[in-house]
1. Please go through segment 263-298 and give me each residue that is surrounded by fewer than 17 Cβ atoms within 10 Å (Cβ to Cβ) and among the hydroxyl-bearing types (Ser, Thr, Tyr), ordered by number.
2. Taking the conditions exactly as written (of a type in the set (A, V, I, L, M, F, W, C) and modelled with pLDDT of 85 or more), does Met173 satisfy them or not?
3. Under 8 Å between Cβ atoms, which residue pairs at least 6 apart in sequence (or on different chains) link something in segment 316-335 that is open to solvent by less than 60 Å² (accessible area, probe 1.4 Å) with a partner that is part of a helix (DSSP H, G or I) and aromatic (Phe, Trp, Tyr)?
4. Being surrounded by fewer than 20 Cβ atoms within 10 Å (Cβ to Cβ) and among the hydroxyl-bearing types (Ser, Thr, Tyr) is the filter here, so list the residues in segment 141-200 that pass it.
5. Here are the criteria: (1) at pLDDT 85 or above; (2) open to solvent by 40 Å² or more (accessible area, probe 1.4 Å); (3) assigned to a loop (DSSP other than H, G, I, E, B); (4) not aromatic (Phe, Trp, Tyr). Tell me which single one Thr35 does not satisfy.
6. If you check Val242, Val211, which single one turns out to be in contact with a Gly (Cβ under 7 Å, 6 or more places away or on another chain) and modelled with pLDDT of 90 or more?
7. For residues that are touching a residue at least 40 places away in the same chain (Cβ under 8 Å) and either closer than 13 Å to Thr284 by Cα or open to solvent by 30 Å² or more (accessible area, probe 1.4 Å) (or both), tally how many sit in segment 223-236.
8. Residues of segment 65-77 being open to solvent by 60 Å² or more (accessible area, probe 1.4 Å) and modelled with pLDDT of 90 or more, which ones?
Amino acid sequence: MSHRSLVCTFVPALVVVGTLFAQAPAAKVAAAGKTWTPSRTPDGKPDLQGIWGNNTLTPLERPKGLGAKEFYTDAEFAKLAKRLSQGDVGEEADLGAAQKQAVRYDLELYGFDITKARFASTKRTSLIIGPEGVVPPMLPEARKRNAERAAKNKGHEFDSYENRPLQERCILMTQERIPMIPAANEGNILQIVQGPGYVSLLHEIDHSTRVIPTDGRPHIPQNIRQLQGDSVGHWEGNTLVVDTTNFTGLTAFRGSSEKLHLVERFTRTKDDTIIYRFTAEDPTTWDKPWTAEIPWTTTQGPVYEWGCHEGNTMISTILRGARVTEGQAARKNGK
């Protein structure tokens, strides 16, 4: 199935309207010294449409050696870029899943080139903003809650598919979770389509489509809980603000509870740039809210379908391996 078919499957009305919106005049960069003015959709809203990428080597949390340093100087940033072009990542970068491992495939075979990776264009030393640059300390009750959750599954990790991580089961991949934390290599592309009263985000990874209403509706009742929460949006000037509540305890974003409250802000600052900023708050998990900021840049499409389940035997292989191991242990013990 093509990316166009996917979009039509999930949000047919938005695609038609979004196509019309895409025909609106492109934003014009004002003369030198004047403020850049974003283009508008026919209904007067800021135009966020396009295909965007957010891959970055900038770590979520600031490396300890940088202390309270929030930004690199121009000279420091240029030096980082030069080192990176030579394949020298250094301690300032977070490769995440792109880190070389002896027991997995070489990502270079799939097009990942570390010399083509990049740090955030904002020159921030971490995606989390502020002098601390790290996730706030976890509250004692949260540490206890998460320890109990881990203890409950300990020794049962391979009992069933239900004991395996959501990402392993192709239910919810890391980059499509909200808030949207970028990675260094793959699965970082998404397409934004707008229509009257809605904004839609089509993720490349797991071909997940998130439809956000902007028509002023309230949140769903608090007794209804969803893995990705309930998102409602509104416009504040040139910024799309998305408020998300109604998470489940299974969502567990960095150990969060169902009390997680997320506010995301999308602001197009240039023809080729969106600044995505989110604030996470959970009074039962962290001692204060925290905010991160990630620049997105336009990228060439199309957005291809990510067939995670297609031909994927990971879960069946993992569970089969566990049963074989159990059988071997039983025979050894004479059972």
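1. Thr269, Thr273, Thr279, Thr284, Thr291, Thr297, Thr298
2. No.
3. Leu319/Tyr161
4. Ser160, Tyr161, Thr174, Tyr198 - these are the residues of segment 141-200 that are surrounded by fewer than 20 Cβ atoms within 10 Å (Cβ to Cβ) and among the hydroxyl-bearing types (Ser, Thr, Tyr).
5. All conditions are met except number (1).
6. Val242
7. 3
8. Hits for segment 65-77 are Ala68, Lys69, Phe71, Thr73, Asp74, Ala75, Glu76.
The values are calculated or read from the model by the stated rules, or taken from the named source; none is laboratory data. Predicted, not measured: the structure shown is a model, and the values here were computed from it. Positions of Cβ are generated from backbone atoms using ideal geometry, with glycine treated the same way; all protein chains shown enter the neighbour counts. In case anyone asks, the SASA skips ligands and DNA or RNA and just uses the protein heavy atoms, side chains included. Shrake-Rupley method; radii C 1.70, N 1.55, O 1.52, S 1.80 Å.
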